[in-house]
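Undergrad: Dropping the structure in here first, questions after.
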Amino acid sequence: MWTTENRPRYNRDKLRYPSDLTDREWDFLEPLIPPAKRGGGKRRVNMREVVNGIMYILSTGCQWRYIPKDLPPRSTVNRYFCLWGSDGTLDRMHIALYVKCREQAERDGSPTACIIDSQSVKAAEKGGSKIDPPGFDAGKLIKGKKRHVLVDTLGLLLHAMITSAAVQDRDGGIMVMGNLFGQFPFLKTIFADSAYAGPIFQNGLTEVMPGMKVEIVKRSDRAKGFVILPKRWIVERTIAWLGRCRRLAKDWENLNQSALVFLRLASIRLMLRKLCIPS
C-alpha cells in the first residue's frame, strides 16, 4: 500500500531508469533467459540491458526509435522482443515466476478458482494491410481492441487474449479458457460478471473444460455509485496494476500478438516486484 512509511520500499531513484531491473530482480530472471544458439559466435549482447530496454518501452510507452542511446540499439531490443514472444520464452518466464509468487503466498502452484473480465482499449491511429483490424464495442462506445484477462484469487495473471473490441465477452472468455490447454488442471470455479451469464458461455465452457462451475457475481439493482463486488474486484485491480505500464494505455500495436506480449511483460514486471518487495 502506498503510505508515507511504505513508499521508500518502492523507491527506484538509485537506478539509471526506474524501469531498470534491480540486482535481485535480475537474479530471478537471469536463469530464465535462454542461452545463445549452439554453433554460432559467442553472444556479445548484454542480456540484462536488452531486458532493461524492453522494460523501458513497456513502462514509458515511447516509440522504439526513442530508446535512449545508453541502452542496446532498438533493432536488438526489438529482435529479442519478437523472438521471446514467439518461441515461448516469455511463457516459460511467466509460469516460473507465477509458481514462485504462489509459493511466496503459501499457496499451491495450481489454483482452484479464477476470475475473468475484459477491458476495451482505444486504438491508436494506424492503418495498412499488415495490421489486425480493430472493432467497435457498442457497450462502451470504444473503437479498438479488447483484452480478455483471467486471474487467480491473488490477482496474478493466468492467461489473456487480445481480440477486436467487437468480440463479445462471453465469446472471448470461451477462447481464453480453451487456450489454457490443461495448464491449470485443478481449476474448478470461475467467477464472472453478468456479461458471461447465459447458456452460450456455459455451454462453450462445458465443451473446453468439463466440470468447471460458473458463478456470476451481479451488481445489486439498488446499488448506487462505486461498489466493491465479491471476487470481481480482484480482476479489476489486476487490470489497474497492469495499466501502470504506459505502453498499455492505448492499443499501439499493429498485431494482436505484439499487444499480448506487452501484456504478459507487464505481468512479469508485476510478479518480479512482488517477489522482490513482498507485502
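Undergrad: Per residue, how big is the convex hull of the range 4-65 when only Cα atoms are used? Give it in Å³.
TA: Per residue, the Cα convex hull of the range 4-65 comes to 123 Å³.
Undergrad: Sorting check: for 173-179, 137-143, 34-40, 57-63, which peptide has the highest mean count of neighbouring beta carbons within 10 Å, and how do the rest follow?
TA: Ranking the peptides 173-179, 137-143, 34-40, 57-63 by packing returns 173-179, 57-63, 137-143, 34-40.
Undergrad: Toward the positive end of the charge dipole of the chain, about the Cα centre and with charges on Cβ (Lys, Arg +1; Asp, Glu -1), which of 172, 229, 64 goes farthest?
TA: Value computed over the given set: 64.
Undergrad: In the range 1-153, with Lys and Arg counted as +1 and Asp and Glu as -1 at Cβ, which of these residues, 95, 3, 36, has the Cα nearest the positive end of the dipole, that is, farthest along it?
TA: The Cα lying farthest towards the positive end belongs to 36.
Undergrad: What is the angle, in °, between the Cα long axis of helix 47-60 and the longest principal axis of the Cα atoms in the chain? Nearest 10 is fine, range 0 to 90.
TA: 50
Undergrad: How far is helix 256-276 tilted, in degrees, relative to the longest principal axis of the Cα atoms in the chain, given as a value from 0 to 90 rounded to the nearest 10?
TA: Long axis of 256-276 versus the principal axis of the chain: about 80 degrees.
Undergrad: About the Cα centre, and with charges only on the beta carbon of Lys, Arg (+1) and Asp, Glu (-1), how big is the dipole of the chain? Nearest 20 debye, please.
TA: Details: 46 positive and 28 negative charges, 161 e Å.
The dipole magnitude comes to about 780 debye.
Undergrad: Just want the answer: with Cβ charges of +1 for Lys and Arg and -1 for Asp and Glu, which residue in 210, 144, 182 is farthest toward the dipole's positive end in the range 144-279?
TA: Checked the options; the winner is 144.
Undergrad: Taking Cα atoms, how many degrees apart are the long axis of helix 74-86 and the longest axis of the chain, rounded to 10 and kept between 0 and 90?
TA: Once rounded, one gets 40 degrees.
Undergrad: Then there is this: Can you tell me, using C-alpha contacts under 8 Å and at least 6 residues apart, the relative contact order of the range 1-160 as a whole percent?
TA: 14
Undergrad: Please give every one of the aspartates and glutamates within straight-line cross-link reach of residue 122, meaning a C-alpha to C-alpha distance under 12 Å, and leave out same-chain neighbours fewer than 8 residues apart.
TA: List returned: 137, 251, 253.
Undergrad: Express as a percent, rounded to the nearest 5, the fraction of DSSP beta bridges in the chain (both residues included) that run antiparallel. List each step's numbers first, then the result.
TA: On the way: 19 of 27 bridges.
Within the chain, antiparallel bridges account for around 70 percent of the total.
Undergrad: Okay, next question. Applying a 10 Å radius around every beta-carbon, put 11-23, 93-105, 151-163 in order of their mean neighbour count, most first.
TA: For the peptides 11-23, 93-105, 151-163, the packing ranking is 151-163, 93-105, 11-23.
Undergrad: Using only the Cα atoms of the range 172-218, each taken as one equal point scatterer with no solvent, compute I(q) by the Debye sum, divide by I(0), and report log10 of the ratio at q = 0.32 Å⁻¹.
TA: Taken in order of the listed q values, log10 I(q)/I(0) reads -1.42.
Undergrad: Give the Cα extents of the range 141-248 along the principal axes, in whole Å, largest first.
TA: 37, 36, 29
Undergrad: Still on this structure, please answer the following. Okay, helix-only estimate at 222 nm for the chain: each DSSP H run of n ≥ 4 adds -39500 (n - 2.57), divide by all residues, round to 500 deg cm²/dmol; what do you get?
TA: -11500 deg cm²/dmol
Undergrad: Then there is this: Please state, as a whole number in µm²/s, the translational diffusion coefficient that the Stokes-Einstein equation yields for the range 17-162 at 25 °C and 0.890 mPa s, with Rh defined as the Kirkwood radius across alpha carbon pairs. Mind dumping the intermediate values first?
TA: Numbers: Rh = 18.1 Å.
Stokes-Einstein gives a translational diffusion coefficient of 136 µm²/s.
Undergrad: How big is the shadow of the Cα convex hull of the range 53-120, averaged over all directions, in nm²?
TA: Directional mean of the projected Cα hull area for the range 53-120 stands at 6.9 nm².
Values quoted throughout were computed directly from the atomic coordinates according to the rules given, and no laboratory measurement underlies them. Keep in mind it's a predicted model, so treat the numbers as computed, not measured. Note that we place each Cβ from the backbone using ideal geometry, even for glycine, and neighbour counts take in every protein chain shown.
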